[in-house]
Amino acid sequence: MNEDFFLISDILNDSLFGSNKRNAIRYSTIFSFWAQIVGKKFANSTKPSKIKGSKLYVSCENPFVVQEMIMYKKILLNKIRPYSSPLGVDIDDMVFDYKSWSDEQEISTVDDFPKFYDDKELDLQDVDCSEFEKVFLNIDNSPYLNDEQKDKFKNRIIKLQKAKKLRNS
């Protein structure tokens, strides 16, 4: 079952410059907001693994967390919509699994970039924002987000790409 999950690092490393570049950017952006979606209680005991079709696969720390997440599934689907819809990703279902948790713990997530790079380092990096125009257009047209949230989305995408560029240099 472990082969069915894509790690966040795999999405970024393998897909970012491949044919699925737009999806990789969208998925990693959604994953970077995971703590805001699930809240403090579940932020450290769950991690999104992949999005396949309209399903989000989530790795959980143990079976008890899986059971709680199943009870909150409808609420979580409503909470993720403002983050996924502006990016053109429709998530209609969530699948929770605890068996892949140990593998998920070994990788860093995309929202770790502040721990590795400060804003001064990121500001020195140049990123071609034209490759994100379609994603940014979806964000700008989103009825779910206010202007501050739209700017936060765009800045997060740019920072993630700058951090990726720093790691590869």
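The numbers here are math on the coordinates, done by the rules we state, and not lab data. Note that the coordinates shown come from a computational prediction; the quantities given were computed from them, not determined experimentally. Reconstructed Cβ throughout: ideal geometry from the backbone, glycine too, with neighbour counts over all protein chains shown.
FRET efficiency for Lys152 and Ser54, Cβ-Cβ distance as r, R0 = 30 Å, nearest 0.05? It comes out at approximately 0.75.
May I ask you to compute the full-extension gain from Asn168 to Tyr144, defined as 0.36 nm times their residue separation minus their alpha-carbon distance, rounded to one decimal in nm? Before the final figure, lay out each step's value.
Details: separation 24, 0.36 × 24 = 8.64 nm, distance 3.43 nm.
Separation in residues times 0.36 nm, less the Cα-Cα distance, equals 5.2 nm.
Applying the Karplus relation 6.51 cos²θ - 1.76 cosθ + 1.60 with θ = phi - 60° to the range 139-155 yields 3J(HN,Hα) values of 5, 4, 8, 6, x, 7, 10, 8, 4, 5, 5, 4, 5, 4, 4, 4, 5 Hz, where x marks Gly and Pro. Of the residues Phe31, Phe64, the one with the fewest other Cβ atoms within 10 Å heads the list, and the complete ranking is Phe64, Phe31. Counting 0.36 nm for each residue step from Asn78 to Glu133 and taking away their Cα separation leaves a gain of 17.2 nm.
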